[in-house]
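Every read-out reported here was derived from the displayed coordinates using simple, explicitly stated rules and does not represent laboratory data. Note that the structure is a prediction, hence the values are computed from the model and not measured. A quick note on method: Cβ atoms are made from the backbone with ideal geometry, for glycine too, and the neighbour counts reach across all protein chains shown.
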Amino acid sequence: MNEILKRIGNLGIVPVVKIDEAKDAVPLAASLLAGGLPLAEITFRTAAAAQAIQNITAELPEVLVGAGTVLNIQQADQAIAAGAKFIVTPGFNPKVVKHCLEHNIPITPGCSSPTDLEMALEFGLETVKFFPAEASGGINTLKAISAPYKMIKFVPTGGIDQKNLMDYLSLGSVLACGGSWMVKDDLILSGNFREITRLTAEAVRVTLGFDLAHIGINAADADRSLSIAKRFAAIFNLPIKEGAGSNFAGTIIEVNKSSGLGANGHIAIKTNSLPRAIAYLERNGIEVDDSTAKGPAGGPVAAIYLKEQIGGFAVHLLQGK
């Protein structure tokens, strides 16, 4: 997959932004960046779109900027000249798609039917925009039309907000979701960029879904491990599950049969998406230890440790169910 599209997939949310005045572009992008989402799709619904893209590209190059609502080749050229790294269209315009591909610019055209998807395949596209998502039947329609096209990823857009975001992102066919709930017109026009940052950070938290999976305790040997696990089970009325390398009291306490990673043990944090979680941590300067990655043979990584220990505990990331 194209590297730009991979970056979008690792972020999970595409803020769809309408800029009325170009002067608001950089503060808007800065607020998204502060909220943990260095990405913006600037829609060509206003005359300020191209200048807005140019301003963000010049001032905040770490923010990935694309152009949305591109209706013709002329707009595509304006967006590319301004620095747009990807193009999004509301429908499937073969001329625009062909033009972008000839210029090596990733394009995500709007598709809502098998006919649209057949056209996308003819052009060799790997990713399309499912638009308008909710008005086209939402999750059920997306499941139905994507079933024969396992090779295509979707970016559902239209009617998506924080309430239904994870319904879409939990589908294996979905690369990311487009939405404007964190960048509403009134917030931009009133200069309420602090609220945009708050809503963005909230959306990122929902996307990642970090939560405690269990606490791991290091024990000297198998007998001591079972003794500790049974004590927790007795106090909190939890079932015991004995394993080859550790024993569990319920699902929240794991007691290793020897000293594992971490001076005291480990803390397991589950997430909605391990790839997005790793990308998020790395953007924030937190390294993972690739040598600890675990998962099915030939399949995705299901667990990995951070390089850093905190308070004498190793930190273990787990793919949530």
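Can you pick out the pairs among Lys85/Lys270; Lys98/Lys163; Lys257/Lys294; Lys129/Lys307; Lys143/Lys294 whose Cα atoms lie more than 25 Å from each other?
Lys85/Lys270; Lys98/Lys163; Lys129/Lys307; Lys143/Lys294
Can you list residues whose amide H is under 5 Å from Lys129's amide H, if they're 5+ apart or on another chain and H is modeled 1.01 Å from N?
It is Gly110, Cys111, Val155, by chain and number.
Tell me whether the stretch 3-208 comes out rounded, prolate or oblate; compute the Cα gyration tensor, take square roots of the eigenvalues as a ≥ b ≥ c, and use a/c under 1.5 as the rounded threshold.
Oblate is the answer for the stretch 3-208, as a/c is 1.5 or above yet b/c matches or exceeds a/b.
Students often check this: by mean Cβ neighbours within 10 Å, which of 237-243, 102-108 ranks highest, and how do the rest follow?
Taking the mean over residues of other Cβ atoms within 10 Å, the ranking is 102-108, 237-243.
Dipole of the stretch 162-321, Cα-centred, from +1 at each Lys and Arg C-beta and -1 at each Asp and Glu C-beta, to the nearest 20 debye?
It works out to roughly 300 debye.
Can you list residues from other chains, or at least 5 along the same chain, whose modelled amide H is less than 5 Å from the amide H of Gly262?
Residues meeting the criterion, in which the H sits 1.01 Å from N, are Ala314.
Could you tell me which of Leu238, Val206, Thr57 has its Cα farthest along the dipole of the chain towards the positive end, charges placed at Cβ (Lys, Arg +1; Asp, Glu -1), taken about the Cα centre?
Value computed over the given set: Leu238.
Which of the peptides 182-191, 45-54 is most tightly packed, and how do the rest follow, judged by the mean count of other Cβ atoms within 10 Å per residue? Don't skip to the end; give the middle numbers.
Details: 182-191: 15.9, 45-54: 20.6.
Ranking the peptides 182-191, 45-54 by packing returns 45-54, 182-191.
Identify, among Ala40, Ile269, Thr141, the residue whose Cα sits farthest towards the positive end of the charge dipole of the chain, taking +1 on the Cβ of Lys and Arg and -1 on the Cβ of Asp and Glu, with the dipole about the Cα centre.
With unit charges placed on the Cβ atoms, the residue in question is Ile269.
State log₁₀ I(q)/I(0) for the stretch 211-319 at q = 0.09, 0.16, 0.19, 0.22 Å⁻¹ as given by the Debye formula over alpha-carbon point scatterers of equal weight, solvent excluded.
Result of the Debye calculation: -0.25, -0.74, -0.97, -1.17.
Which of the peptides 163-176, 61-74 is most tightly packed, and how do the rest follow, judged by the mean count of other Cβ atoms within 10 Å per residue?
Ranked by mean Cβ neighbours within 10 Å, highest first: 61-74, 163-176.
Of Ala229, Asn284, Tyr168, whose Cα points farthest to the positive end of the dipole of the chain (charges on the beta-carbon: +1 Lys, Arg; -1 Asp, Glu; origin at the Cα centre)?
Ranked along the dipole, the leading option is Ala229.
Restricting to DSSP H runs of at least four residues, report the calculated mean residue ellipticity at 222 nm for the chain, -39500 (n - 2.57) per run over all residues, nearest 500 deg cm²/dmol.
-10500 deg cm²/dmol
Summing Lys, Arg as +1 and Asp, Glu as -1, what charge do residues with Cβ under 12 Å from the Cβ of Glu41 carry, Glu41 excluded?
Residues close to Glu41 contribute a combined charge of +4.
Residue-wise, which Karplus ³J(HN,Hα) couplings in Hz belong to the stretch 167-177, taking 6.51 cos²θ - 1.76 cosθ + 1.60, θ = phi - 60°, and x for glycine or proline?
4, 7, 5, 6, 7, x, 7, 9, 7, 6, 10
Can you put Lys270, Lys23, Lys321 in order of Cβ neighbours within 10 angstrom, beginning with the fewest?
The order, fewest Cβ neighbours first, is Lys321, Lys23, Lys270.
Express as a percent, rounded to the nearest 5, the fraction of DSSP beta bridges in the chain (both residues included) that run antiparallel.
Looking only at bridges with both residues in the chain, the antiparallel portion is about 40 percent.
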